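Written below as structure tokens is the structure these notes are about.
Every read-out reported here was derived from the displayed coordinates using simple, explicitly stated rules and does not represent laboratory data. Just so we're clear, the structure is a prediction, and the values are computed from it rather than from any experiment. Glycine also receives a Cβ, built like all others from the backbone with ideal geometry; neighbour counts cover every protein chain displayed.
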Amino acid sequence: MRKKMTLKEISKRFDVSISTVSKALKDSPEISEKTRKMIQEFAREHNYKPNNIALSLKNQQTKNIGIVLPELQHFFFSSITTGIEQYAAQRGYNVIICLSNETFEKEVINMQMLANGSIDGFIMALSQGTERKGDYHHIREVINRGMPVVMFDRVTKEVECDKVIIDDFEGSYDAVKYLIDQGRKRIAILTMPDYMSSVGLQRTEGYKKALTDAGIEVDENLIVKLEDFYEGFEDIEKLFQENKVDGVFAVTEFFAVSAIKAAQKQGLNCPEDVSVIGFTDGIISRSSNPGLTTVSQHGEEIGERAARLLIDRLEFEGDDEPDYTTEYVHTSIVEREST
């Protein structure tokens, strides 16, 4: 990783004190206009970022963390929020939650609003709209202003920041292998479009690899990509009407219970005729009939790790910020009656 520019290095470049550099970057009238402009231009060209808000604006720290979520009704996001809130409280921080409602525009508005002195840093998952648009300028802006960002679950390689993710490939591989070990050979996947690269694509790749390793040919007719988390029942029905299916791996628990319903509508019994496994061990999985076997993502652990990464960066004291890191949380299978 390229070495980050620091106040000390800028001061050496212009042969001035660190205090002078700090004041120039804050546009202090104590520093001549010529010097201010030279230092500010140099800092911009070298992408200088203060090591954290706690260090540069110690007396103005809000002790608030902004959480930007695509939605809150999904058990996965609510469990992550619980993990963040519990850990943040232990460290003396409060949380402010905003919802993007899966839109790019609302995500931008939320971040602009919170970045205006309300919070010290962000924890966020990208909205579908942002992933589809591929525009991350609003995230880079707050980072360049010295506000740390930690992404979780839905992340992008286009933004350098700390990240906490599950191994979607591994979780999907294990789920499909579980079905194969039960003797299932015609296994379908209910997934998301490829533009959601951090989730749908990785889980689809894990599905394909598990089949290939077991010597089962991948049938593209059994790969159903659903545009909406809570729609697409007709596409799932069509899957059972046009194909012989004895197993279903669904990348959300809602897709999974919809598959059970569609199979039953075709006169198939679960798990005798078709085994179904989903992703996310939420209330839907526990209350469905039959109970849904799922891949647990351990949402509270993800939230706790994200909060720890952010607060550690906020409270770091030193000249050089730690390198950005990506932490992985391993999944596990929770067995119930659907398999």
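Positive end of the dipole of the chain (Cβ unit charges, origin at the Cα centre): among 260, 240, 130, the Cα lying farthest that way belongs to 130. Dipole magnitude for the chain: computed about the Cα centre from +1 point charges on Lys and Arg Cβ and -1 point charges on Asp and Glu Cβ, it is near 1180 debye. DSSP beta bridges confined to the range 233-339 are antiparallel in about 35 percent of cases. Once each of the chymotrypsin sites (Phe, Trp or Tyr not before Pro) sitting in a DSSP loop with at most 14 other beta-carbon atoms within 10 Å is removed, the chain keeps 1-194 as its longest stretch. Note on the range 112-263: the alpha carbon radius of gyration divided by the globular reference 2.2 N^0.38 Å gives 1.23. When the P(r) is computed for the range 74-196, the part past 19 Å accounts for 56% of the Cα-Cα pairs. Rounded, prolate or oblate: which fits the range 7-48 when a ≥ b ≥ c are the square roots of the eigenvalues of the alpha-carbon gyration tensor, with rounded for a/c under 1.5 and prolate only if a/b beats b/c? In terms of gyration-tensor shape, oblate.
Over the residues of the chain, the helix contribution to mean residue ellipticity at 222 nm works out to -12500 deg cm²/dmol, using -39500 (n - 2.57) for each DSSP H run of at least 4. Note on residue 63: aspartates and glutamates with a C-alpha under 15 Å away, same-chain residues under 8 apart excluded, are 85, 120, 312, 315. For residue 67, nonlocal amide neighbours, meaning residues 5 or more places apart or on other chains whose placed amide H falls under 5 Å from its own, are 96, 97, 98, 123. Positive-end ranking of 310, 82, 38 along the dipole of the chain, with charges on Cβ about the Cα centre, is headed by 38. Among the trypsin sites (Lys or Arg not before Pro) found in the range 125-200, those both in a DSSP coil and sparsely packed, with 13 or fewer other Cβ atoms within 10 Å of their Cβ, are 145, 157. Across the range 219-225, computed HN-Hα scalar couplings (Karplus, 6.51 cos²θ - 1.76 cosθ + 1.60, θ = phi - 60°) run 9, 4, 5, 9, 9, 10, 9 Hz from first to last residue, x flagging Gly and Pro.
The residues 113, 147, when put in order of fewest to most other Cβ atoms within 10 Å, stand as 113, 147. Take the Kirkwood radius over Cα pairs of the chain, plug it into Stokes-Einstein at 37 °C and 0.692 mPa s, and you get 150 µm²/s for translational diffusion. Within the straight-line cut-off of under 23 Å between alpha carbons, the lysines reachable from residue 34 are 8, 12, 23, 26, 49, sequence neighbours fewer than 8 places apart in one chain being disregarded. Among the trypsin sites (Lys or Arg not before Pro) within the range 220-297, those in coil by DSSP and having at most 14 neighbouring Cβ atoms inside 10 Å are 244. DSSP finds beta bridges in the chain, and of those with both partners inside it, around 10 percent are antiparallel. Distances between placed amide hydrogens fall under 5 Å for residue 336 paired with 293, 294, all partners being 5 or more residues away or on another chain.
A Förster radius of 22 Å, combined with the Cβ-Cβ distance separating residue 321 from residue 64, puts the computed FRET efficiency at roughly 0.60. On the beta carbon distance between residue 235 and residue 170, with R0 = 41 Å, the FRET formula returns roughly 0.95. In this structure, the pairs whose alpha-carbon distance is over 19 Å, taken from 185/244; 177/209; 157/208, are 157/208.
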